[in-house]
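Student: Pasting a structure here, questions to come.
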Amino acid sequence: MTALTDNMTFGTFMAPFHRVGENPTLALERDLELIEWLDDLGFDEAWIGEHHSGGWETIASPEVFIATAAGRTRHIRLGTGVVSLPYHHPYMVANRMVLLDHLTRGRVMLGVGPGALASDANMFCIDPERQREMMDESLGVIMQLLDGSEPVTCETDWFKLKDATLQLRPYQKPTLPVAVASVQSPAGVLLAGKHGVSVISLSVPRDAIRSTSLKDQWSIAEETAAEHGQTVRREDWRLSVGCHLAETREQAFEDIRVGAGRVVTEYTGGTNGNPIPDVPAHEVVDYMVEHNQWIVGTPDDCIAGIERLQEASGGFGGLLLRAEDWAPRDKLHRSYELMARYVMPRYQGSLTGIIDSQQRSASMKDALQANRRAGLKRATDSYLAGSR
């Protein structure tokens, strides 16, 4: 393993995705239950989405959800994945996150984006061509407010501030972590570089299909950061990928075969109108794995998939598993357990001493057994001599 992967973080990116027709209250409860399970397993973080239409992604306020999840967990860090900045006044975004920072004793992270669903922007009468510009305007103000070194005065065509400061300053020092979502366009990595914040890549580019590769994305972030006197760190770069594990490769594919087909055909294509693979629904999982979009199989398959992503990206510091409701609860929870037991330790340095100890013992086993036999013989001989 490289130095970069000796302390990789692991978490989930919870949009979430719940099929239309299910009880929404129970679906939200499963989301909370999953985060509790990840906390028990030692996962590092969970990022919670914001959506307002489409029927599948049903968390409207990641901040409210985070406040609830924080009360049920002990260690896991909780991020907004993401707050759609054009939908909110930037002061209110900063104010709510700082409050959460204190209430959680420093377990929150702010993830931001322009807004993923065209149906959301349409409801709010936001020009899609303006969303990324609006995100830039908002993020700049948020970073100034979190810094708190001087009052902020700003006027745009959609918000105004006059001598604005935050009453509460961040609990985390110097401030709470901030990340920008990057999907297909270079807008996300450009903003991350401009403001010196981290990146969450929400899709894995396919060669010759996406406009920029993972390596291209990071180069843009680094070059932009240098232009603005900022720095970005690969250790803080997270990649989000669909993933499901089981004891055998065949079982993993069958676990999600039906659910994966539904997510892609009914939501990605049928609801949002995005391009989807030209294969039958029951073959979607095969296609996505074959084209390195998802990782499905055993823990060893997952390790191989992470290695491919490391090679494709040039190195990243965090892996986020997309929270897909594509299998029964026990199988989903088992998948995360396999990740925690057999994959995470390989990338967090926790096996180094154990493997070294086992190998040392194995290399000396013949000599140690000879010594053991000699000791037993001496004890036996001593007993027999004393009994005469």
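The values are calculated or read from the model by the stated rules, or taken from the named source; none is laboratory data. The shown structure was predicted, so the numbers you read here are calculated from the model rather than taken from an experiment. Counting neighbours? That spans all protein chains shown, and the Cβs are built from the backbone with ideal geometry, glycine included.
Student: Here are Ala226, Ala260: which of them is modelled with pLDDT of 95 or more, closer than 24 Å to Pro186 by Cβ, part of a helix (DSSP H, G or I) and out of contact with any strand residue (DSSP E or B) (no Cβ under 6 Å at 6 or more places or on another chain)? If you could, list the steps in order and put the result at the bottom.
Tutor: On the way: Ala260 fails: closer than 24 Å to Pro186 by Cβ.
Selected residue: Ala226, the only one of Ala226, Ala260 that is modelled with pLDDT of 95 or more, closer than 24 Å to Pro186 by Cβ, part of a helix (DSSP H, G or I) and out of contact with any strand residue (DSSP E or B) (no Cβ under 6 Å at 6 or more places or on another chain).
Student: Here's a follow-up. For Asn292, which of the numbered conditions (1) over 20 Å from Trp37 (Cβ atoms); (2) at pLDDT 95 or above fails to hold?
Tutor: So Asn292 meets the others, but not (2).
Student: Tally the residues that are buried (at least 20 other Cβ atoms within 10 Å of the Cβ) and not small (Gly, Ala, Ser), restricting the search to the stretch 323-337. Write out each step before concluding.
Tutor: Start the filter on the stretch 323-337 by keeping residues that are buried (at least 20 other Cβ atoms within 10 Å of the Cβ), which leaves 323-327, 332, 335-336.
Those still in the list that are not small (Gly, Ala, Ser) too: 324-326, 332, 336.
Number satisfying all stated conditions: 5.
Student: Just to be sure, is Phe13 more than 20 Å from Glu63 (Cβ to Cβ), among the hydrophobic types (A, V, I, L, M, F, W, C) and surrounded by 16 or more Cβ atoms within 10 Å (Cβ to Cβ)? Working first, answer last.
Tutor: Details: more than 20 Å from Glu63 (Cβ to Cβ): no; among the hydrophobic types (A, V, I, L, M, F, W, C): yes; surrounded by 16 or more Cβ atoms within 10 Å (Cβ to Cβ): yes.
In short, no.
Student: Please work out if Asp136 is within 20 Å of Trp237 (Cα to Cα), acidic (Asp, Glu) and out of contact with any strand residue (DSSP E or B) (no Cβ under 9 Å at 6 or more places or on another chain). Talk me through it step by step, then tell me what you get.
Tutor: Numbers: within 20 Å of Trp237 (Cα to Cα): yes; acidic (Asp, Glu): yes; out of contact with any strand residue (DSSP E or B) (no Cβ under 9 Å at 6 or more places or on another chain): yes.
Yes: the conditions hold for Asp136.
Student: Among the numbered conditions (1) buried (at least 17 other Cβ atoms within 10 Å of the Cβ); (2) in contact (Cβ under 8 Å) with a residue 40 or more places away in the chain; (3) farther than 18 Å from Lys215 by Cβ, tell me where Val152 comes up short.
Tutor: The number of the failed condition is (2).
Student: Oh, and also: Taking Thr212, is it modelled with pLDDT under 95, surrounded by fewer than 17 Cβ atoms within 10 Å (Cβ to Cβ) and among the polar types (S, T, N, Q)? Steps first, answer last, please.
Tutor: On the way: modelled with pLDDT under 95: yes; surrounded by fewer than 17 Cβ atoms within 10 Å (Cβ to Cβ): yes; among the polar types (S, T, N, Q): yes.
It is true that Thr212 is modelled with pLDDT under 95, surrounded by fewer than 17 Cβ atoms within 10 Å (Cβ to Cβ) and among the polar types (S, T, N, Q).
Student: While we're here: State whether one or more residues within the stretch 42-52 are touching a Phe, Trp or Tyr at 6+ places or on another chain (Cβ under 7 Å), closer than 23 Å to Thr265 by Cβ, charged (D, E, K, R) and assigned by TED's automatic domain parsing to the domain that holds Leu176.
Tutor: No, because not a single residue in the stretch 42-52 is touching a Phe, Trp or Tyr at 6+ places or on another chain (Cβ under 7 Å), closer than 23 Å to Thr265 by Cβ, charged (D, E, K, R) and assigned by TED's automatic domain parsing to the domain that holds Leu176.
Student: Return the residues of the stretch 25-45 that are assigned to a helix (DSSP H, G or I) and of a type in the set (Gly, Ala, Ser); say none if nothing qualifies.
Tutor: So in the stretch 25-45, the residues assigned to a helix (DSSP H, G or I) come out as 25-41.
Ala27 - this is the single residue of the stretch 25-45 that is assigned to a helix (DSSP H, G or I) and of a type in the set (Gly, Ala, Ser).
One line per residue, one yes/no per condition, for (1) touching a residue at least 60 places away in the same chain (Cβ under 8 Å); (2) surrounded by fewer than 17 Cβ atoms within 10 Å (Cβ to Cβ):
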position: Arg132; (1), (2): no, no
position: Ser138; (1), (2): no, no
position: Val141; (1), (2): no, no
position: Leu146; (1), (2): no, no
position: Leu161; (1), (2): yes, no
position: Ala179; (1), (2): yes, no
position: Ser182; (1), (2): no, no
position: Ser185; (1), (2): no, yes
position: Leu190; (1), (2): no, no
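Student: Still on this structure: Determine which member of the set Glu307, Glu311, Glu247 is of a type in the set (D, E, K, R) and either outside the structural domain of Ala340 (by TED's automatic domain parsing) or touching a residue at least 12 places away in the same chain (Cβ under 8 Å) (or both). Walk me through it before giving the result.
Tutor: Details: Glu307 fails: either outside the structural domain of Ala340 (by TED's automatic domain parsing) or touching a residue at least 12 places away in the same chain (Cβ under 8 Å) (or both); Glu311 fails: either outside the structural domain of Ala340 (by TED's automatic domain parsing) or touching a residue at least 12 places away in the same chain (Cβ under 8 Å) (or both).
So the residue among Glu307, Glu311, Glu247 that is of a type in the set (D, E, K, R) and either outside the structural domain of Ala340 (by TED's automatic domain parsing) or touching a residue at least 12 places away in the same chain (Cβ under 8 Å) (or both) is Glu247.
Conditions tested, residue by residue: (1) surrounded by 23 or more Cβ atoms within 10 Å (Cβ to Cβ); (2) touching a residue at least 24 places away in the same chain (Cβ under 8 Å); (3) in a loop (DSSP other than H, G, I, E, B).
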{"residue": "Trp47", "(1), (2), (3)": "yes, yes, no"}
{"residue": "His52", "(1), (2), (3)": "no, yes, yes"}
{"residue": "Gly55", "(1), (2), (3)": "no, yes, yes"}
{"residue": "Ala70", "(1), (2), (3)": "no, yes, no"}
{"residue": "Arg74", "(1), (2), (3)": "no, yes, yes"}
{"residue": "Arg96", "(1), (2), (3)": "no, yes, no"}
{"residue": "His102", "(1), (2), (3)": "no, yes, no"}
{"residue": "Gly106", "(1), (2), (3)": "no, yes, yes"}
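Student: Of the conditions (1) surrounded by fewer than 22 Cβ atoms within 10 Å (Cβ to Cβ); (2) modelled with pLDDT of 95 or more, Ser240 clears all except one; give me its number.
Tutor: Unmet condition: (1).
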